Amino acid sequence: MRFSSLDDWLTWQSSLHPHEIELGLDRVASVWQRLRPSGLASPVVTIAGTNGKGSSVAMLESIFKQAGYRTGAYTSPHLVHYNERVRLNGIPVSDEQLCSAFQRVDDARGEVALTYFEFGTLAALDIFAELTPDLVILEVGLGGRLDAVNIIDADVAVITTVALDHTDWLGETLDQIGAEKAGIMRGNRPVIMADKELPSSVYQHAESIGATQCRVDVDFHATPSDDGWRWEGGHQEYSNLPMPALPGAFQLQNAAAVLAVVEQLSSRFVVESQDVTKGLASVHLAGRYQLIDGDVPVVLDVAHNIQAAEALRDNLREKAAKGSVLAVFAMLADKDVAGVIQVVDQDVDSWYLVELSGSRSCTVEQLEAALRKAGSSSSSSSSSSSSSRVSRFSSVNDGLQAAMADAGRDDSVLVFGSFLTVGEALQYLEPVADVFVGA
């Protein structure tokens, strides 16, 4: 074996390809064909979208687990441990399983250079081919059409939402981005459209290839009620459903699309009403308005684009704390930092600007400039209690410790801005709190 430790494998993979991202399927498809000529035996659900992918994967895992089926799920990025990306029955796979799969991918690739994401995708698919779970759920990493997971023909495709994000790679308009995400569809196979306001390019692509469209508010409906909510599809319905255990009213939209997937797979899987109820009630996903109780409550959210920031703002207002909100904030430089800040600025009392490890991070100076651009007039680094106080820190740990120390009675700390921001906070919090990261 080339390496015996997972860390060594991951470090090596980071330097294997000259570019961090190289969209395209030819290289990864050729390696997959050599690695597993017979492909996957399990049915596959592939999920694309700007936001809501991780929540949808987690709900599917939870529901099918309750129904007694074995699931394999591949998601990205991870928060703390790489193993989070590849899960069997909701449990991250072991270092040994990943290292063995990496070696098989390495043997199959020959001289083909793979990116970090492509290597991991092939390893996940190899594990699923080896262990044949009843259902495989794949989350697209970037876009869809040219993403590595798209070497697999999905039995059911899901488009959650389309918003402006990754514009350097996917295009600068919603139609361009929608067309990229629509690339996961296949002809004569169902595509679940979770949002009623998807760009026209999504519908046009579905029509052009003959995909079977399953549209929210057309082919399936979710209706809130006094005792929960009701779902109606083409030939199934569920009543008195609990709201998903994941926070936020928008999760109802994700849950409705998930039940459309369940209906589309009903010829292969028997899922009873109680399985849906228990699955929705017990679903867990780290980093999505995740509350960590303690002397100072800490909320973790990976929101890193305007649409996700709007959902975060709505959660903050719905669960309004009695005291102040102290925000530990860091983002990647290729994001709409000012746009995200503008959405939540009125709901944050103090900003703790921090810099992430790695070259992609915004500097604290860039964050402060974005804060000014977003309309925050005060940027003092003093310890005054003014409503728009701003402090600078060189790491998430330092910013989080300072925010928790500054928090008064009834105050709460919010950590947000990226997966890396939340991941670094979790690494600090894991030893001092009962924090559950795995799915």
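I want to verify a result. In a Gaussian network model of the chain, Cα cutoff 10 Å, which of these has the top mean-square fluctuation: Leu170, Leu135, Leu25?
Leu25
Name the most mobile residue of Gly54, Gly234, Gly279, meaning the one with the largest mean-square fluctuation, in a Gaussian network model of the chain with Cα contacts below 10 Å.
Maximum fluctuation in the GNM of the chain, among the listed residues, is at Gly234.
I need Thr75, Thr173, Thr277 ordered by Cβ neighbour count within 10 Å, fewest first.
In increasing order of surrounding Cβ atoms, one gets Thr173, Thr277, Thr75.
How big is the Rg/Rh ratio for the chain, C-alpha atoms only, Rh by Kirkwood, two decimals?
0.96
Which value in Å does the Kirkwood hydrodynamic radius of the range 1-114 take, with 1/r averaged over all unlike C-alpha pairs and then inverted?
Computed over Cα pairs of the range 1-114, the Kirkwood hydrodynamic radius comes out at 15.9 Å.
Ser208 to Trp12: extension gain in nm, 0.36 nm per residue of separation minus the Cα-Cα distance?
Using 0.36 nm per residue and subtracting the Cα-Cα distance, I get 66.4 nm.
Kindly work out what percent of the DSSP beta bridges joining two residues of the chain are antiparallel, to the nearest 5.
30 percent
What is the dipole size for the range 290-429, taken about its Cα centre, with +1 at each Lys and Arg Cβ and -1 at each Asp and Glu Cβ, in debye to the nearest 20?
Using Cβ point charges on Lys, Arg, Asp and Glu, the range 290-429 gives about 220 debye.
For the chain, what is the number of Lys pairs with C-alpha distance below 29 angstrom, counting only pairs 8 or more positions apart or on separate chains?
Pairs that pass both the separation and distance tests number 19.
For the range 28-69, what log10 I(q)/I(0) values come out of the Debye formula at q = 0.15, 0.21, 0.28, 0.33 1/Å, with one point per alpha carbon and no solvent?
-0.58, -0.83, -0.92, -1.06
With N set to the residue count of the range 290-429, report its C-alpha Rg divided by 2.2 N^0.38 Å to two decimal places.
The range 290-429 yields a ratio of 0.92.
So for the range 95-173, considering every pair of alpha-carbon atoms, how many percent are separated by more than 18 Å?
Every Cα pair in the range 95-173 considered, those over 18 Å come to 51 percent.
Just so you know, all these numbers are worked out from the coordinates, no wet-lab data involved. Because the structure is a prediction, the values reported are computed rather than measured. Every residue, glycine as well, gets a Cβ built from its backbone with ideal geometry; the counts of neighbours run over all protein chains shown.
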